[in-house]
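Values quoted throughout were computed directly from the atomic coordinates according to the rules given, and no laboratory measurement underlies them. Predicted model only: the values in this text are computed from it and were never measured. For neighbour counting, all protein chains shown are included, and Cβ atoms are generated from backbone atoms with ideal geometry for every residue, glycine included.
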Amino acid sequence: MSDLLHPTSAIRQHQGASLSRRLFLGGALGCLSTAGIAHAADDILVGPIATPTSEQTTKLIVAGSAETPCGTWASRLAPDMAEELGQPPFELAYTTGWDGVTGANLFDAQEQLSSASSTLLVPGTALLAAMTGDSRVHYAYQRWLPVLTMFQPSLVVGHVNLHRSIGAILGNRTTRVAVSTPTGPELPTLLAFDLLALRPLPVSGYATPDAAMAALTGGLVDAIQLPVDAALKDRLNMLGAKGFIPLFLNSTAPQTPAQADMALPPIFPSILLRERRTSTPAFLPLAWQALAAATSLKAALVLPLLTPPAKVARWRHAADNCATKLGIQQIALANGLTVLSGAKCITAYSMTMPDVNVGMALRRWLALNLPRWKSTTPPVRALPPALAQ
């Protein structure tokens, strides 16, 4: 009876129920749409969610073959790092070449892939190639995060008077230095002699200590560069018997892990301060420091720059534990190596990254000297049969 008396009431109730259903369905669809957009935005901003198996794909790129120092250390260091990180063994990827440029280029290419999960074990010669403007270099080592480094300084030996006398100035003599190439690992020695105004002249083709020693004792060069390794004492004894003496260390650290009974010469900065107190160029001594740090770097374990902070912290903690292991310390001490991790590792690695002005001064110095060295290269003479063996 009431519906008959009030027909508009039923219509209003029916419209209200339809409107409520439309509002509910519309709100539900809107929530679903908003959730979908938010989820898509999350995928764009943070990428796929990390899974426990993501660490299993970690690849260790070795910048060099298995016979290089980096290759040797990779086989020793990789199991310890994997154990400390709590992950399966690394997938070792060896590369060609002794200077590490090929491996560093491969690592740089891997960094461009969003799904990449790789790290790099690289020698300092790859950094040296970048400093000197090698055309093969397609990476920026300044963008790497070091977690573990191994340093081994070098020692210069010869028959050279470091004090530039009047006779030497009037004689206009050059100092012949045995090198692998003019821009090879012996570059700090060349720059050191130039800073001492001793007119260095690189003699190429002597890439091993034995070959350099044969050239020195054969009278083909005046100075050579030797690594401060386990064989240094015997080499110095043999050269000392023939009148050749240690001249200086290519290092900024006065303490080295060499044997306690060895009398090592001063570091080059001390020699430079003594001999050229008032006429030292502004940026070239800093360039020498960067070159010496790069050539002393035998191996560096580095991560990409954009590695998440949590992962960097885990890797640095694992590297700290590896650096203090007795087995690694014994091998390092026997080979004259200093293993650094943590803040010391970062500080030592930063020495290979000179200021822009220093880098420009180094490039300018090379541009001035490389043509002169090429035009005045002495003729190659064969070694005596007894020394060549």
(request) Tell me the Kirkwood hydrodynamic radius of segment 62-157 in angstroms, computed as one over the mean inverse distance between distinct C-alpha pairs. (result) 14.3
(message) Order these by the 10 Å Cβ neighbour count, fewest first: Phe283, Phe107.
(response) Phe283, Phe107
(request) Would you kindly state how much longer the chain becomes between Lys325 and Thr252 on full extension, computed as 0.36 nm times their sequence separation minus their alpha carbon distance, in nm to one decimal? (result) 23.7 nm
(request) At 0.36 nm per residue, minus the direct Cα-Cα distance, what do Thr347 and Lys233 gain on full extension? Give it in nm, one decimal, please. (result) 38.1 nm
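Let's test the formula: R0 of 25 Å, r as the Cβ-Cβ distance of Ala367 and Asp210. What FRET efficiency results, to the nearest 0.05?
0.15
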(message) So the label point goes 7 Å from the Cα of Arg76 along Cα→C-beta, right? Which residues of segment 327-364 then have their backbone N under 20 Å from it?
(response) 327-342, 345
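Summing Lys, Arg as +1 and Asp, Glu as -1, what charge do residues with Cβ under 10 Å from the Cβ of Ala318 carry, Ala318 excluded?
-2
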(request) Find out how many positive minus negative residues lie around Pro146, taking Lys and Arg as positive, Asp and Glu as negative, among other residues whose Cβ is under 12 Å from that of Pro146. (result) +3
(message) Let me check I've understood the local charge: for Ala290, count other residues with C-beta under 14 angstrom from its C-beta, Lys and Arg +1, Asp and Glu -1. What total comes out?
(response) 0
(message) For a quick check: sort Thr175, Thr208 by the number of other beta carbons within 10 angstrom, fewest at the front.
(response) Thr208, Thr175
(message) Which of rounded, prolate or oblate describes segment 281-327 when judged by the alpha-carbon gyration tensor and an a/c cut-off of 1.5?
(response) oblate
(request) Arrange Asp355, Asp108 by Cβ neighbour counts within 10 Å, fewest through most, would you? (result) Asp355, Asp108
